[in-house]
Amino acid sequence: MEKTPKSLRLQIGLFGRTNVGKSSFLNMVAGQDVSITSPVPGTTTDVVEKTMELLPLGPVVFLDTAGLDDKSVLSEQRIQRARKVFDRADVAVLVTEPEVWTGFEDAIFKEALTKNTPLIIVVNKTDLAAPSPSFLEKVRRWAKGVVLCSSVQMQKRDEFVNALKRELLAACPEDFLKPPPLIGDLVPAGGLAVMIVPIDLEAPKGRLILPQVQTIREALDSDAAVLVVKEREYGYWLSQLKRTPDIVVCDSQVVLKMVADTPAAVKCTTFSILFSRLKGDLAEMARGVTAIDSLRAGDKVLIAESCSHHAVEDDIGRVKIPRWLRQYAGVELDIRSSAGRDYPEDLETYKLIIHCGSCMLTRREMLFRMEQAKAKGVPITNYGVAISFVQGVLERTLEPFPVALDAYQTQIRIHREETRS
Ligand SMILES: Nc1nc2c(ncn2[C@@H]2O[C@H](COP(=O)(O)OP(=O)(O)OP(=O)(O)O)[C@@H](O)[C@H]2O)c(=O)[nH]1
Ligand code: SF4
Ligand SMILES: [Mg+2]
């Protein structure tokens, strides 16, 4: 992590009057004492930098500044250094206290506006006084995001840090949400990717679906060759090849056949797994799927689709996944579904969320949905990961992604040990 150059890290500037708790807030987020704090105004006299990995955002650097109000006695040089943080910051975090809004806060707000820097307001010290609805209404109008916090209530740290992550995710510039490659890193220039595409009832007439087209396109962009076959012809064409493919990708519905027909030395995965890495956090999805193991009779499972495509007779989300889930769990489950923009408010009532490949969502939207699930303590996975899991081939289809495979193996081990004891 330390190898990531600073410019690739999201730079988060912390601003606020002396003594509002900027350094205490940073220490709470970092989970360690990074910046000195004290009741004496003007404790921080120079910029303090703290790099950390703030998932799902990735590497970030917090810049804790000296409070610049009339209580600070700083040299011109130090004032300039604190001011310069504004030029570096990709996101500005203004720390304030309930009901306190002075000319200082106004100045920070205006500077953020002029520099077009997204502003998040942290209302700190809420343990001393709750902010009034009118104060909150005012700050919500001005900032991209608002976080209510108490930097001394460590028992609520997770809640505060999750709220900050959600606001950062919503506010950070698009560049910082650059997706990992779809397939480009799995097939070298001059290499070969084989794609298995079933042409069944669900296949649209006369064309391929978007995820398949995008995957083919990215392999071609990597100067690789692509062989596209239906599942029935796959074995035959594999036997005709003079070289082994670098990667084989199939539609999740034929994953069992792909795994059976693919030699152990050849890497293989599914379109849906490729997309869960592109759009979200594959390791988290791989961890989340292990929740299927502990589903009990009557448990609520959400099948979340992010567009309202016309459901066909043997639809994957409405028919096939529920059937496989019930077969795997061996009990009756309460399986609900949501489609399009509506993502249920009562996520906490579900034992598991199984999300579609989210080809219609941006990476920011999907990461946001994952964060919402996490904030409510609900495991989340996706169609591709879940299908490979219930078919018993997930370790095979995660092989091309060592981090996700490791996350899955660790979680399933913990989980099965817990069930045994
Ligand atoms: N009750 C309460 N006290 C807090 C909170 N956050 C910080 N404090 C206290 O407020 C005082 C100032 O905190 P600092 O974190 O040093 O504040 P700062 O904004 O970094 O101050 P300067 O570096 O001087 O600009 C310390 O005594 C903290 O313990 C909070 O959420 N609740
Ligand atoms: S957004 Fe989801 S439900 Fe809609 S087509 Fe893409 S994967 Fe399927
Ligand atoms: Mg400080």
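Each residue in region 180-215 was checked for being assigned to a loop (DSSP other than H, G, I, E, B) and either surrounded by 14 or more Cβ atoms within 10 Å (Cβ to Cβ) or more than 16 Å from ligand 2 (Cβ to nearest atom) (or both), and 20 pass.
For region 350-409, which positions are farther than 25 Å from Val187 by Cα, in a helix (DSSP H, G or I) and aliphatic (A, V, I, L, M)? Selection gives Met366, Leu367, Met370, Ala373, Ala375, Val390.
Can you list the strands (runs of 3 or more DSSP E) lying wholly within region 240-310 that have 3 or more residues being under 19 Å from the mean Cα position of the chain (by Cα) and more than 18 Å from Arg217 (Cα to Cα)?
Counting at least 3 such residues, we get 300-304.
Of everything listed in (1) within 11 Å of ligand 3 (Cβ to nearest atom); (2) in a strand (DSSP E or B), the single unmet condition for Val60 is (1).
Gly58 falls short on exactly one of the conditions (1) at positive phi; (2) out of contact with any Lys or Arg (no Cβ under 9 Å at 6 or more places or on another chain), and that condition is (2).
Applying the condition of being modelled with pLDDT of 95 or more and of a type outside the set (S, T, N, Q) to region 137-153 and asking which residue is nearest to Ala171 (Cα to Cα) yields Val146. For region 136-152, the set of residues classified as in a helix (DSSP H, G or I), touching a strand residue (DSSP E or B) at 6+ places or on another chain (Cβ under 8 Å) and not basic (Lys, Arg) consists of Leu136, Val139, Trp142, listed by residue number.
Filtering region 2-50 to residues that are exposed (fewer than 15 other Cβ atoms within 10 Å of the Cβ), touching a Pro at 6+ places or on another chain (Cβ under 9 Å) and modelled with pLDDT of 90 or more leaves nothing. Within region 24-40, residues that are without any contact (Cβ under 8 Å) to a residue 24 or more places away in the chain have Cβ atoms under 7 Å from residues that are part of a helix (DSSP H, G or I) and crowded, with 20+ Cβ neighbours inside 10 Å in these pairs: Asp33/Asn27; Ile36/Ser23; Thr37/Ser23; Thr37/Ser24; Thr37/Asn27, counting only partners at least 6 apart in sequence or on another chain. Filter region 51-78 down to residues that are of a type in the set (S, T, N, Q) and at pLDDT 80 or above and give me whichever is nearest to ligand 1 (Cβ to nearest atom). Going through the qualifying residues, I end up with Thr65. Every condition in (1) more than 16 Å from ligand 2 (Cβ to nearest atom); (2) touching a residue at least 12 places away in the same chain (Cβ under 8 Å) is met by Gly330 except one, and the failing one is (2). For region 37-72: of the residues being aliphatic (A, V, I, L, M) and within 22 Å of Asp158 (Cα to Cα), which is farthest from ligand 2 (Cβ to nearest atom)? Residue satisfying both the conditions and the ranking: Leu63.
Here's the yes/no breakdown for (1) without any contact (Cβ under 8 Å) to a residue 24 or more places away in the chain; (2) touching a Lys or Arg at 6+ places or on another chain (Cβ under 7 Å); (3) more than 16 Å from ligand 1 (Cβ to nearest atom); (4) within 20 Å of Ile316 (Cβ to Cβ):
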residue	(1), (2), (3), (4)
Ile335	no, no, yes, yes
Glu345	yes, no, yes, no
Glu348	no, yes, yes, no
Ile353	no, no, yes, yes
Arg364	no, no, yes, no
Tyr383	no, no, yes, yes
Gly392	yes, no, yes, yes
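The values are calculated or read from the model by the stated rules, or taken from the named source; none is laboratory data. The shown structure was predicted, so the numbers you read here are calculated from the model rather than taken from an experiment. Every residue, glycine as well, gets a Cβ built from its backbone with ideal geometry; the counts of neighbours run over all protein chains shown.
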